[in-house]
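Taken together, the values in this text are just the output of simple stated rules run on the coordinates, not laboratory data. Being a predicted model, the structure only gives us computed values, none of them experimental. Because the Cβ atoms are built from the backbone with ideal geometry, glycine has one as well, and the counts that use them run over all protein chains shown.
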Amino acid sequence: MPEIYYLGPEGTFSHILARKRFGRRASLVACPAIEAIYDRVRENPDGLGLVPVENSSGGTVYDSVDAMIRNAGKIFLREELSLDVRIALLGHAGQEVTTIYSHFIQLKHHADWLRQRYPKARQRAVASTAIAAQKAKASPHAAALASPGAADVYGLDVLEKSHAGSVNVTHFAIIGTSPAPEIDEVRKTALIAALPNSCGSLHQFLGPFARLGVSLTRIVSRPVPGKPQTYVFFVEIEGGEHDPAAAKALARARKLSESLVSLGTFPVRGRFKS
């Protein structure tokens, strides 16, 4: 079993998903930042990384997308996973809650619930829900919005479970130094496209996909450092890059691009529950 690198520390949603996908006996290695996951995968070609890509409430995880762009041609997407994120307020039973820690995405998603239930508590954004749990452990009047499972890891009480109304799902990618093997399951293909800095270049690039019936499932624009008003695009399409319609669309789109790099075709797995 290869080493699996995830965004730590223990108790994060990345950690929970890594255990569910690879099992409790897998060699899971916590990393302090998303960039560090890419570093470890490059250093250990047999290893795999688990990185968050998008949250249904907080939007795109730009650190992940930027790292994919920087590593285009060296790192490939091997699977897409998603996690149905469940949250609880963890703290110290019987103590007043004056400060609530969590990742900014969770604070945003639970903003209305927090205003109703804890209107006087200060909200503090930290790098992960696991770090929030660590902060809560250190202070009797602090609490954390985190996974219920983090209560056991950090010796906290589940004060109450969140009842925020909308579904909160985080999409992840498994990355490696080689493309995923050929499969017949539901698939996507990821691309990094650099387009001419001219009027209508994005519209022209998208045209072949529309005309050949190839659906785009994600498109994210990112600025190119040191080149004002210049952008590169992270694109996902349905299907495999060698499927007939996709292959034709990609061939035509490549002629309209300054560069078009494939991050591979990969399976889309079912949704896990935290």
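Quick look at the numbers
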| read-out | value |
| --- | --- |
| Among beta bridges that DSSP assigns inside the stretch 88-161, antiparallel share in %, nearest 5 | 45 |
| Cβ-derived FRET efficiency at R0 45 Å, residue 203 paired with residue 152, nearest 0.05 | 0.30 |
| Relative contact order [Cα under 8 Å, 6+ residues apart], the stretch 88-161, whole percent | 50 |
| Beta bridge orientation in the chain: antiparallel %, DSSP, nearest 5 | 70 |
| Projected label distance in nm at residue 62 and residue 43, using a 7 Å step from Cα toward the beta-carbon | 2.8 |
| Theoretical ellipticity at 222 nm over the chain - DSSP helices of four or more residues, -39500 (n - 2.57) apiece, nearest 500 | -8000 deg cm²/dmol |
| Sorted by Cβ density within 10 Å, fewest first, the residues 202, 7 | 202, 7 |
| Above-threshold pairs, the threshold being 31 Å between Cα atoms, out of 20/135; 108/255; 108/248; 137/273; 20/108 | 108/255; 108/248 |
| Label point distance in nm, residue 1-residue 141, each placed 7 Å from Cα along Cα→Cβ | 4.4 |
| Gain in span if fully extended, residue 112 to residue 96, counting 0.36 nm per residue against the direct Cα distance | 3.8 nm |
| Cα centroid of the stretch 35-78 to Cα centroid of the stretch 94-131, whole Å | 28 |
| Relative contact order for the chain, counting Cα pairs under 8 Å that sit 6 or more residues apart, in percent | 24 |
